Structures are given as structure tokens and as C-alpha cells.
Amino acid sequence: MWIEIILSAIAIMAVLYILFPWVVKLILRKEFLRLANKSSGVCLTFDDGPDPVFTPKVLDILAKFNARATFFPIGKNVERYPALMKRIIEEGHELGEHGYDHKHPWLTGPYGTWMDVWKGGRQLAAYAKNGAVNLFRPPYGKLNLVSMLYIYRKKKTTVFWNLDPKDYRLSSENMLIPNIQNHITNGTVILFHDGRCNLAKGGRDATLRALAMVLESARNKGLEPVTIKELYLIK
Ligand SMILES: [Zn+2]
């Protein structure tokens, strides 16, 4: 009897905490991809930075191609590397929130989730040009009830992607996606990472090589690199 009650309570909580936000995420993601497909540009996004070794290299490549990108740094790195954050802003790139400690929403309780998203947002707010940063990319692309409520309460635009080279999994010996340049078309939103590097695996060297290829390919195809806000046509 008690076991049944406990199991039912767990099931109800799981539905409320994970399953319902998962359905909402699917709807938000569908809308994001619909807008992305209408864009005539290519959107470069970088998660989990800034990193003292790789972020400057990413910025150098972007500057060489005169391209602007959208960065989703994690709050604890924002706190640690203010000079890098300043450089990102000064070079005209855009910012979005990505939590403070990159906690997995399905493995984190309500209080831990709220602190992660709230602290992440607070760190980034100092670098926002016109007040609040209104973009939010959920860590691991996943939501729970609390991060979903944060998005609604703070009126954030949820940002996803449609091309994931999985650069977080690879060593520098491997190319991210074979012939990645062939995948670049109008409306591509590519997910790169400039942080959480595994230096033993070559860090982000593969990302840097792929980034140059993507920008070269976009230029050859006449596709403009755009930021997420330009893609969304929001100020
Ligand atoms: Zn991330």
C-alpha cells in the first residue's frame, strides 16, 4: 500500500518536473527551427566558455572573417575571466545565458536549478549592453519545471541549434563532421564549444579548424554570419 503511494508520488513528480517541460521544450524548439529555416544567414554559437586558451583563438578567427557570433558562457567562467568577457563584448558579439555551473536539469533539484540559472543570469547581466540578456540556452538542451518557469518568468527566448558537430566528444585528431562545409546552408545554427575543454584530448583544436572551414564555406556560398538576435529579428 505505502509502496504504491510512494511510487505514484514519484511518477507524478517525474511527469511534472521532467516530462511536461520536455514537451514544452519540443514546442519551443520547433518554433526556433521554424524561424532559423527562414533566415538567410548562418548562425555561429559557442557554449560553456570563456576559456583562457581557446576563446581568444575563436575570437581571432571570427575577427579575421569579420564575423559576429553568439556566446553562451557559463557563469562561473564569466566570474573567473572578466577580461575575456570584455573582449567578447568589445568585438561586437552577442551573449546568452547558459547557467552558472552547467548543471544537468534532469539530475538537479528545484533549489539547485533555480540557483544555477539565476546566478548564471546575474553574472552575465553585468555585460549586457541594454539591460538584461534575454537569450537562454538550456544546459544539455534540456529543461525541468524550474528552468522552464525561469524562462517564462524572466521572458527569455530559448535558443537551440540545428547542426551539432559534437565537438565536446572528439579529440583534435578527428574532424567534427566529415566535410562539415557541405552542411552549411541558410538557416544553419551551429553548436560549437569554446569551454569545458579536455586538454588531454587536444582541447578545442578540432573546433578551431572546423570554425575556419565553416566561415570559409559561408563566404563562398554568399551566406552572412548572423547572431541569434539577428536571426530572430529581435533587438
Ligand atoms: Zn553547455
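What follows draws every value from the coordinates through simple rules; no lab data is involved. This one's a predicted model, so the numbers in the text were calculated from it and none came from an experiment. All Cβ positions, glycine included, derive from the backbone under ideal geometry; neighbour counts span all protein chains shown.
Of note:
- For Asp48, Asp101, Asp194, Asp116, order by how many other beta-carbon atoms lie within 10 Å, fewest first: Asp101, Asp48, Asp116, Asp194
- Spatial offset of the range 77-136 relative to the range 139-166 amounts to 13 Å, using the alpha carbon center of each.
- On Cα atoms only, tilt of 205-220 relative to the major axis of the chain in degrees: 60 degrees
- Overall Cα dimensions of the range 2-232 - principal axes, largest extent first, Å: 64, 39, 35
- Model label sites at Ala128 and Glu31, defined 7 Å from Cα along the beta-carbon direction, differ in position by 1.9 nm.
- Estimated FRET transfer efficiency when R0 is 22 angstrom, pair Ala83-Arg209 (beta carbons, to 0.05): 0.30
- In this structure the amide hydrogen of Thr157, modeled in the peptide plane, comes within under 5 Å of the amide hydrogens of Leu135, Phe136, none closer than 5 places in sequence on its chain.
- Spacing of the modelled spin labels on Phe20 and Val53, each 7 Å from Cα toward Cβ, amounts to 4.4 nm.
- Relative protection proxy for 68-78, 104-114, from highest mean packing down: 68-78, 104-114 (other beta-carbon atoms within 10 angstrom).
- 22 Å Cα-Cα threshold exceeded, pairs from Lys30/Lys119; Lys25/Lys155; Lys57/Lys221: Lys30/Lys119; Lys57/Lys221
- Folded to 0 to 90 degrees: helix 54-64 orientation relative to the chain principal axis, Cα: 50 degrees
- Rounded to the nearest 10 degrees, the angle from helix 20-38 to the longest Cα principal axis of the chain is 20 degrees.
- Remark on Val189: its backbone amide H falls under 5 Å from those of Cys43, Asn162, Leu163, a criterion applied only to residues 5 or more positions apart or on other chains, H modelled at 1.01 Å from N.
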